[in-house]
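Each reported figure results from applying straightforward, stated rules to the coordinates on display, with no laboratory input. What you are looking at is a predicted structure, and each value in this text was computed from that prediction instead of being measured. Cβ coordinates were reconstructed from backbone atoms using ideal geometry, including for glycine residues, and neighbour counts include every protein chain displayed.
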Amino acid sequence: MAREGYLVHQGEETIHSERLKHVPKTPKEKWQNFWYYHKWHVLIGIAVALFAAYFIHSAVTQVNPDYQVGLITEKPVSNSVIQDMEYKLQLGAKDRNGDGKVVVQVNSYTLGTGNSDPQVTEANVTRLLGDLNLYSDMLFFCDDKGYAYIQKRDGWDVSKTKMAMPNVMKYSGDALTANMRVLFPDHDKKYQEHKTYWDASLKVYQNAMSAK
């Protein structure tokens, strides 16, 4: 048995050694040999290249808005209304970032009703509070619930609240008002930058008010 076991192992060693000594000659064998030893390197390289291409494409095609406007409502507002708002506001806006385009982005924050999905509502509130902290939106369009939500947090500039909606932006079934957020000159290290953006946002609203 010991001798048979020895002979069996000897046979395996002979077979493996013959494989190792085999040199691929045909194009097919060379390709199979290359793929056997390098396939993971190739696949990882392809994945890295695709990720880099996606990143570059996103960076090149990404549009940075000149203005962001908040829309705080109890119920969702249709995309068609949001797009119309953006279009009407852009008509009276300027290119603030110098990219040759005038872009106004309306950010919709739905606070929800008693029957709304609490997780969706929480996500919208978290996004709203985050954008307030970043000073992303200076001008807001709100229904009563949206206005009250910010009012409870002393978030409005008291001299610029409950302003009328522009005539070109009055939509059936939506009782909205225009409001400017409050700034904090004594505590905001970027106050001058934010004040410039605040003034520009107010000007966009005023231009929309005078539009026909």
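Packing here is the average count of other Cβ atoms within 10 Å per residue, and on that basis the peptides 72-81, 174-183, highest first, run 174-183, 72-81.
Against the empirical 2.2 N^0.38 Å scaling, what ratio does the C-alpha Rg of the range 67-210 come to? Please report the intermediate quantities before stating the final value.
Numbers: Rg = 14.7 Å, N = 144, 2.2 N^0.38 = 14.5 Å.
Its radius of gyration relative to the 2.2 N^0.38 Å reference: 1.01.
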